[in-house]
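The values are calculated or read from the model by the stated rules, or taken from the named source; none is laboratory data. In this text, all values refer to a predicted model and were calculated from it rather than measured experimentally. Every residue, glycine as well, gets a Cβ built from its backbone with ideal geometry; the counts of neighbours run over all protein chains shown.
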């Protein structure tokens, strides 16, 4: 039984960047993001803090808390896999509010909490963990694929373990499409059941 | 082979609280900590950001970064184990800069990154991960145990996997000695080697 995996560093490439500057969580492509400690300036999910929601049933809804979900990071490969299993032509990162689409990172959504993504211009994001797929994202997909209302619920199933990661900005700086990223994975061990 | 462990919640008790209000990282007992988004007000390790140091060789030393190491959390049981293996009478949490000493949490130092500690009065700390034992702490112990200069290096060995956790404040609030804490451990899985 594997009970420990040593620390190591892997690499990836920034294939797309997106921001949600309006009221909706749906994002739009951009060539550069200027990451700050509060996240992406003007983005729907920016802020040093945020009100808690249904993801945190242990707090009264709306409780102020530090915002560990500033940035949504997706894998273009995983999105293609989800699209295939849903039998749709494509699943664009912006439909589900992605901010950074990476290419070349195997099983991106399984990267462990605490993982550090260091982009080639210096900015860095600390990974909080995997992002749970929700019906709101499923609905946004269904809205874009005529005749497939089933996608609202279907996405939640199909995207389990493939819906990317959320994290917060550890080091400020710019990220541009085409940049490389070093991904530092810490030593891993399971806390006993 | 265990490849996944479901989320669950365990419990513990706050046995001691400590803060380092001077220049040294050595802390002193207090009955209450008022946790803020910047950590423990006035504490040596407080701040929304901090300069990087030798723990982050991937940044130029002194690089501003978000402070994920605001609070040091120790297990009184693990400290007793380390003391025993070093053949010293006791190892006080404050000697090595602890802020919160917990009792009743098995293998505290092995709790995984992203773990959430919710204290009974509402404050919450998000765990970044385990704290690597360093010579500076070893030296602080050696300074307090006459005739045992070997403890400076000995501590680094003896405390591996037992030196507690570091984390940042997710929800502000007070913590008092004797309070209980709920510890939410997320679903765990190893990222493949």
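Just checking, does region B:1-8 include any residue being modelled with pLDDT of 95 or more, under 30 Å from residue A:49 (Cβ atoms) and in contact with a strand residue (DSSP E or B) (Cβ under 7 Å, 6 or more places away or on another chain)?
Yes, region B:1-8 has at least one match.
Could you list all residues from region A:141-154 that are touching a residue at least 60 places away in the same chain (Cβ under 8 Å) and surrounded by fewer than 21 Cβ atoms within 10 Å (Cβ to Cβ)? Give the derivation first.
Taking region A:141-154 first, the residues touching a residue at least 60 places away in the same chain (Cβ under 8 Å) are A:148, A:151, A:154.
Selection gives A:148, A:154.
Of everything in region A:35-72, what is part of a strand (DSSP E or B) and more than 20 Å from residue A:115 (Cα to Cα)? Give them in sequence order. Walk me through how you get there before you give the answer.
Our first condition is that a residue be part of a strand (DSSP E or B); within region A:35-72, this holds for A:35-36, A:39, A:49-51, A:64-66, A:71-72.
Within region A:35-72, A:49, A:50, A:51, A:64, A:65 meet the criteria.
How many residues, within region B:103-136, are at the interface with another protein chain (Cβ under 10 Å from one of its Cβ atoms) and on the phi > 0 side of the Ramachandran plot?
Counting residues in region B:103-136 that are at the interface with another protein chain (Cβ under 10 Å from one of its Cβ atoms) and on the phi > 0 side of the Ramachandran plot gives 4.
Among residues belonging to region B:74-89 that are in contact with a strand residue (DSSP E or B) (Cβ under 8 Å, 6 or more places away or on another chain) and assigned to a helix (DSSP H, G or I), point out the one that is nearest to the other protein chains (Cβ to nearest Cβ).
Taking region B:74-89 first, the residues in contact with a strand residue (DSSP E or B) (Cβ under 8 Å, 6 or more places away or on another chain) are B:74-77, B:79.
Add one more test, that the residue is assigned to a helix (DSSP H, G or I), and what stays is B:76-77, B:79.
Values: B:76: 19, B:77: 15, B:79: 19 Å.
Checked region B:74-89; the qualifying residue nearest to the other protein chains (Cβ to nearest Cβ) is B:77.
Which residue pairs have Cβ atoms closer than 8 Å, lie 6 or more positions apart in sequence or on different chains, and pair a first residue in region A:23-49 that is at positive phi with a second residue that is part of a strand (DSSP E or B)?
These pairs meet every condition: A:39/A:71; A:39/A:168; A:39/A:169; A:42/A:19; A:47/A:39.
Quick one: count up the residues across region B:170-185 that are within 11 Å of another protein chain (Cβ to nearest Cβ) and either surrounded by fewer than 22 Cβ atoms within 10 Å (Cβ to Cβ) or without any contact (Cβ under 8 Å) to a residue 40 or more places away in the chain (or both). Spell out how you get there, then give the answer.
Going residue by residue through region B:170-185, those that are within 11 Å of another protein chain (Cβ to nearest Cβ) are B:170-173, B:182-185.
After this cut, where a residue has to be either surrounded by fewer than 22 Cβ atoms within 10 Å (Cβ to Cβ) or without any contact (Cβ under 8 Å) to a residue 40 or more places away in the chain (or both) as well, the list is B:172-173, B:182-185.
The total comes to 6.
Among the residues of region B:140-158, is any out of contact with any helix residue (DSSP H, G or I) (no Cβ under 8 Å at 6 or more places or on another chain) and either at the interface with another protein chain (Cβ under 10 Å from one of its Cβ atoms) or in a strand (DSSP E or B) (or both)? Before you say what the answer is, go through the steps one by one.
We begin by selecting, within region B:140-158, every residue out of contact with any helix residue (DSSP H, G or I) (no Cβ under 8 Å at 6 or more places or on another chain); these are B:143, B:146-147, B:157.
Imposing the further condition that a residue be either at the interface with another protein chain (Cβ under 10 Å from one of its Cβ atoms) or in a strand (DSSP E or B) (or both) reduces the set to none.
The answer is no, given that none of the residues of region B:140-158 is out of contact with any helix residue (DSSP H, G or I) (no Cβ under 8 Å at 6 or more places or on another chain) and either at the interface with another protein chain (Cβ under 10 Å from one of its Cβ atoms) or in a strand (DSSP E or B) (or both).
Has region B:21-33 got any residue that is in a loop (DSSP other than H, G, I, E, B), away from chain A (no Cβ under 11 Å), touching a strand residue (DSSP E or B) at 6+ places or on another chain (Cβ under 7 Å) and under 29 Å from residue A:184 (Cα atoms)?
First, the residues of region B:21-33 that are in a loop (DSSP other than H, G, I, E, B): B:21-27, B:31.
Those still in the list that are away from chain A (no Cβ under 11 Å) too: B:21-27, B:31.
Going one step further and asking which of them are touching a strand residue (DSSP E or B) at 6+ places or on another chain (Cβ under 7 Å), we end up with B:27, B:31.
Applying the additional criterion that residues be under 29 Å from residue A:184 (Cα atoms) yields none.
Scanning region B:21-33, I find no residue that is in a loop (DSSP other than H, G, I, E, B), away from chain A (no Cβ under 11 Å), touching a strand residue (DSSP E or B) at 6+ places or on another chain (Cβ under 7 Å) and under 29 Å from residue A:184 (Cα atoms), so the answer is no.
Say whether the condition of being at pLDDT 95 or above, farther than 19 Å from residue B:130 by Cβ and surrounded by fewer than 16 Cβ atoms within 10 Å (Cβ to Cβ) is met by at least one residue in region B:94-104. Before the answer, list the steps.
Keep residues of region B:94-104 that are at pLDDT 95 or above, which gives B:94-104.
Still in the list and also farther than 19 Å from residue B:130 by Cβ: B:94.
Now restrict to residues that are surrounded by fewer than 16 Cβ atoms within 10 Å (Cβ to Cβ): none.
No - not one qualifying residue is present in region B:94-104.
Taking residue A:71 as the residue in question, decide whether it is within 14 Å of chain B (Cβ to nearest Cβ) and crowded, with 21+ Cβ neighbours inside 10 Å.
On the way: within 14 Å of chain B (Cβ to nearest Cβ): yes; crowded, with 21+ Cβ neighbours inside 10 Å: yes.
Yes.
Going by what's in this entry, would residue A:61 be described as within 14 Å of chain B (Cβ to nearest Cβ) and touching a residue at least 12 places away in the same chain (Cβ under 8 Å)? I'd like the intermediate steps shown before the answer.
Working: within 14 Å of chain B (Cβ to nearest Cβ): yes; touching a residue at least 12 places away in the same chain (Cβ under 8 Å): no.
No; evaluated as a whole, the condition is false for this residue.
Just one of (1) in a strand (DSSP E or B); (2) within 14 Å of chain A (Cβ to nearest Cβ) trips up residue B:17, so point out which.
Of everything listed in (1) in a strand (DSSP E or B); (2) within 14 Å of chain A (Cβ to nearest Cβ), residue B:17 misses just condition (2).
Of everything in region B:106-132 that's in a loop (DSSP other than H, G, I, E, B) and within 21 Å of residue B:29 (Cα to Cα), which residue is nearest to the chain's Cα centre (by Cα)? Even if it seems obvious, please write down each step before you answer.
Within region B:106-132, the first condition is being in a loop (DSSP other than H, G, I, E, B), and the residues that meet it are B:106-107, B:111-115, B:120-123, B:131-132.
Cutting the leftovers down to within 21 Å of residue B:29 (Cα to Cα) gives us B:120-121, B:123, B:131.
Numbers: B:120: 19, B:121: 20, B:123: 16, B:131: 6 Å.
This residue is B:131.
Looking at the structure I just gave you, is residue B:9 more than 28 Å from residue A:171 (Cα to Cα) and away from chain A (no Cβ under 14 Å)?
Judged against the criteria, residue B:9 is not a match.
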